[in-house]
Every structure is written in structure tokens, then in C-alpha cells.
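**Q** The structure under discussion is supplied below as C-alpha cells; questions concerning it will follow.
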Amino acid sequence: MVNSGKNPCKNPCKNPCKNPLKALAILAILSALGAGCSSLPPPIRGYPEGDAAARRRVKKLAVVGFLANYDFGPSMNLATVFKPGTRYQMTVESLCVSFTDELNKNRYFRVLPALTVKRNRFYVSAKVDPDPRSRFRSTCPAWLRKISPGDGFDYRGLCRELKVDGLLMFEFSYSTYSSIFTRGAKIQSADLLALGSDGTILYRRQGFTQFSGTQYFADYAWLRRRTFEQDLYNLDIAVRAVADDFIAAFAPR
């Protein structure tokens, strides 16, 4: 086509694409990006249970349970799947760190360091019903016990020994999902409970879900490849969103 000179191209292409199919693919990806492939995690619906007045008195909390449940097939070797350094163990430990880091950003309460919980003799030896050792298809960070929000134990004694105003326990399962250009994650079947030292429910959500939103990954779009780093990135967004919901419940109204 001859340029008439009326509308000269200010940025002529030095290497015009000779493959029309490749050009169409590039345009499709650019169009998808322009439309916004990434999205933010949605808020959790509804309001958590709990005593708002009691929450205002809380100055220090301890995370004593962070339990991930898995639905493995019959061929999975449960004796090795949760060993240090395995995919599932690395995932739950990374998520626990992200969850605690997000909680520590608040200005209403402090979170006890994980090492302090791990070294507490009362926590290590406390009787828990049902026995956490029976949870073969669940895992938790190496510094915690497999404690669920529904378990029975001496929470008053543990608060006293840890010198905190309340205990926090989080139990969940998770999944990841993908489309042509995006990846995402979902925290599902989740229970989050914070108990005061006197047994008061400070915060409770049961059976809730939390999405990460969808995120665009260029390497996945081109290579159709799912990576462990992508999954962790999205799960990190989801657990941080849960932590933000928890913090919001402690904000003065």
C-alpha cells in the first residue's frame, strides 16, 4: 500500500511480522492484557461471629494451629508426602509465614513469634482431643502441632503459659485453577477461630472460601506451563486476604 503522506507512520515497524498467525496470536494476547487479565481477591461474604467488645481488649495473640487438609488418591505414599522439603510441606509452611506476616501489619494487636510457641512446653505436651497424630492426610508447619479449630484442649492454660490474650487456629484445604492466560487459587472449606483467654469467641468463620483472583503469567501463556511458584504466589494472595478479613474485625467501629 502506498503512503499518501497525509498520515505518515511515526513509529514504522523495523521488523514486520511475516507470519500472520503469529501476528494474530500477539494481538490476542495484547488485547487480553489490555482488558485486564489480573483481578483482585473478592471480600469474604457476610460478617464473622465474635464479641466485638472483647476484641478491643486484645493486645497479643498466638497462632497455635495452621492445618491444611488434602484429599489424596489411593496411590499417594502418605509416609513421604509431608517430609521436609516436599511440595506440600513447603506450601503450608510458606502460607503460614505469609498469613502471620500479614497479621503483623495490623495496629490493634501483636502476634507471638512462632519460635516462642514452638518452644513452649505446655503447648508441646498439651493433650488435644482428638489426637492430632491421627491426621495422616493433613499437615502443618514444622513449628506447630496439627491443631484444628474444633479440637478440645486447655486453651485457658495455654493462653496463661504463652502470656497472650487469645489463640488463633486456621484449618483449610486449597486448590489451584487455570485458563489459557491466567492462574488462580482458592482457599476452601476453611475454618478460622480466635478464642480469648476466658473462652470468649473473638472471631469465627466456618466453611468459608477465599479466592486469590486471577493473575496473568506470561510464561504460562506462551508455554502452557504450570509452575509451583505460580501456585504459591496465588495461594499467598488468598491467605493474606483471609488475614486482612481477620484484622478488619478488630478495627474500631
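The values are calculated or read from the model by the stated rules, or taken from the named source; none is laboratory data. Because the structure is predicted, anything quoted here is derived from the model rather than measured. With ideal geometry, Cβ positions are generated from the backbone for all residues, glycine too; neighbour counts draw on all protein chains shown.
**Q** Restricting to region 152-167, and then to whatever is in contact (Cβ under 8 Å) with a residue 40 or more places away in the chain and in contact with a helix residue (DSSP H, G or I) (Cβ under 8 Å, 6 or more places away or on another chain), can you tell me which residue is surrounded by the fewest Cβ atoms within 10 Å (Cβ to Cβ)?
**A** For region 152-167, the residue satisfying everything is Glu161.
**Q** Which of the residues that make up region 36-73 are in a strand (DSSP E or B), among the charged types (D, E, K, R) and over 16 Å from Arg204 (Cα atoms)?
**A** Hit for region 36-73 is Lys60, nothing else.
**Q** Of the numbered conditions (1) of a type in the set (Phe, Trp, Tyr); (2) surrounded by 23 or more Cβ atoms within 10 Å (Cβ to Cβ); (3) farther than 21 Å from Val58 by Cβ, Phe170 fails exactly one; give the number of that condition.
**A** Every listed condition holds for Phe170 apart from (3).
**Q** Further question on the same structure: Quick one: in region 176-210, which of the residues that are aromatic (Phe, Trp, Tyr) and over 22 Å from Leu103 (Cβ atoms) is surrounded by the most Cβ atoms within 10 Å (Cβ to Cβ)?
**A** Filtering region 176-210 for residues that are aromatic (Phe, Trp, Tyr) and over 22 Å from Leu103 (Cβ atoms), the one surrounded by the most Cβ atoms within 10 Å (Cβ to Cβ) comes out as Phe181.
**Q** Tell me yes or no: at least one residue of region 51-62 is among the acidic types (Asp, Glu), in contact with a Lys or Arg (Cβ under 6 Å, 6 or more places away or on another chain), surrounded by 12 or more Cβ atoms within 10 Å (Cβ to Cβ) and touching a residue at least 24 places away in the same chain (Cβ under 8 Å).
**A** no
**Q** It is to be established whether one or more residues within region 221-240 are touching a Phe, Trp or Tyr at 6+ places or on another chain (Cβ under 9 Å), crowded, with 16+ Cβ neighbours inside 10 Å and in a strand (DSSP E or B).
**A** Among the residues of region 221-240, not one is touching a Phe, Trp or Tyr at 6+ places or on another chain (Cβ under 9 Å), crowded, with 16+ Cβ neighbours inside 10 Å and in a strand (DSSP E or B), which makes the answer no.
**Q** Would you kindly identify the helices (runs of 4 or more DSSP H) lying entirely within region 78-132 that contain at least 2 residues that are modelled with pLDDT of 95 or more and over 19 Å from the mean Cα position of the chain (by Cα)?
**A** Those helices (runs of 4 or more DSSP H) span 114-118, 121-125.
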